[in-house]
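Values in this text are rule-based calculations from the coordinates and carry no lab data. Keep in mind that this is a model prediction, so the values were computed, not measured. All Cβ positions, even for glycine, are placed from backbone atoms using ideal geometry, and neighbour counts span all protein chains on display.
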Amino acid sequence: MRSTSLARGMKEESVGTVVKYEAEHGITIKALRRYADDLVEMGVSRNQVGHVIEETAKHGTPASSLVQGLGMFLESAENLKKEITLTVNVNGELKTIRVIMQGGNERSGLIHAYLRHVRGYEMEDAGITTFWPLGQKIIVNGRAKQLPKVFRNEEELVEFLKEVVERVSKNPEYVSEKFFKNGVPKTTVELEFPLEKFGIKIDGIDQIHLSFSFEDGEFVLKTAYPTKGWAVETFIPGRGGWQ
């Protein structure tokens, strides 16, 4: 396997800080390079892997925990892979389209959902960030924020997302309204999904956001994050901070 440079996407002035932080967690430079290779193999862009390690370390996740957590998240999605289809009636003819939950990269897909909404990737540079509550700690400016624990681990979170997508797929009226226009698949779909309305009860989470795009004849999940509920922590960059 080709070794990945740690400086890929990482700010030059941050390399020393990151290496020191990782060393405090027992991670050598050699091990850090190996973790960088692991992340690239999972789907993180090679030219951004250093930035991903830098960002997640800054917010309290050493590379070993990042690789382990993301690996479990993606592996669970693969193990739980099940054919999910959306069906809509167009002039008496049934159209069926598959829904895909794929890894993607740091910008979209399951990898993005995990990095941003579990580990805080780019939370200080992008817009509002809400977090999936897995009991993790997120560090901002040296201060740790303890998040609630609704899901025991990454596998439970993936199972929940699968259940949500399946519930959506089994509601033909909702599918017809949200995913199609005049029988034609929409290019992008943004859903604010109230859990109780679809018979899903998760203590601490009342509503989530799902984003899909129509690509090569399939709807692809681009991101997923919670939006309402007592266990949903929200961060706004700048003077906003934790809400």
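Here are the numbers:
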| quantity | calculated |
| --- | --- |
| Cα long-axis angle, helix 154-169 against the chain (0 to 90 degrees, to the nearest 10) | 20 |
| Under the Karplus curve 6.51 cos²θ - 1.76 cosθ + 1.60, θ = phi - 60°, whole-Hz ³J(HN,Hα) for the stretch 27-37, x wherever Gly or Pro sits | 9, 7, 4, 4, 5, 5, 5, 5, 5, 4, 4 |
| For the stretch 210-222, 3J(HN,Hα) per residue [Karplus equation, 6.51 cos²θ - 1.76 cosθ + 1.60, θ = phi - 60°, Hz, x = Gly/Pro] | 10, 10, 10, 10, 8, 9, 6, x, 9, 8, 10, 6, 9 |
| Acute angle (nearest 10 degrees) that the helix 49-58 long axis makes with the longest principal axis of the chain, alpha-carbon atoms | 80 |
| Inter-label distance for Lys170 and Glu41, nm, one decimal - labels placed 7 Å from Cα along Cα-to-Cβ | 3.7 |
| Cα-projected label distance for Glu177 with Glu155, points at 7 Å along beta-carbon direction, nm | 3.7 |
| Nearest-20 debye value, the chain charge dipole, Cβ charges on Lys, Arg, Asp, Glu | 280 |
| Anchor Lys145: aspartates and glutamates whose Cα lies under 12 Å away (excluding residues fewer than 8 positions away in-chain) | Glu233 |
| Electrostatic dipole magnitude of the stretch 80-216 [Cβ: Lys, Arg +1; Asp, Glu -1; Cα centre; debye, to 20] | 200 |
| Cut-off 12 Å, label 7 Å out along Cα→Cβ of Met72, residues of the stretch 121-144 by amide N | 134-136 |
| For a label point 7 Å along the Cα-to-beta-carbon line of Glu192, residues of the stretch 204-243 with backbone N under 19 Å | 204-212, 223-236, 243 |
| Between 0 and 90°, nearest 10: helix 15-24 axis offset from the chain longest Cα axis | 90 |
| Packing-based ranking, highest mean first, of 111-119, 224-232, 86-94, 19-27 given that Cβ atoms within 10 Å are counted | 111-119, 224-232, 19-27, 86-94 |
| For Lys137, net neighbour charge (Lys/Arg +1, Asp/Glu -1) across residues whose Cβ lies under 14 Å away | +4 |
| Proximal lysines to Lys197, defined as alpha-carbon separation beneath 26 angstrom and excluding residues fewer than eight positions away on the same chain | Lys81, Lys82, Lys95, Lys149, Lys162, Lys170, Lys178, Lys181, Lys186, Lys222, Lys228 |
| Pair Ile236, Ala144: separation of 7 Å Cα→Cβ label points (nm) | 2.7 |
| Net charge of neighbours whose Cβ lies under 15 Å from the Cβ of Ser213, counting Lys and Arg as +1 and Asp and Glu as -1 | +2 |
| Summed residue charge, Cβ within 14 Å of Phe235's Cβ, Lys/Arg positive, Asp/Glu negative | +2 |
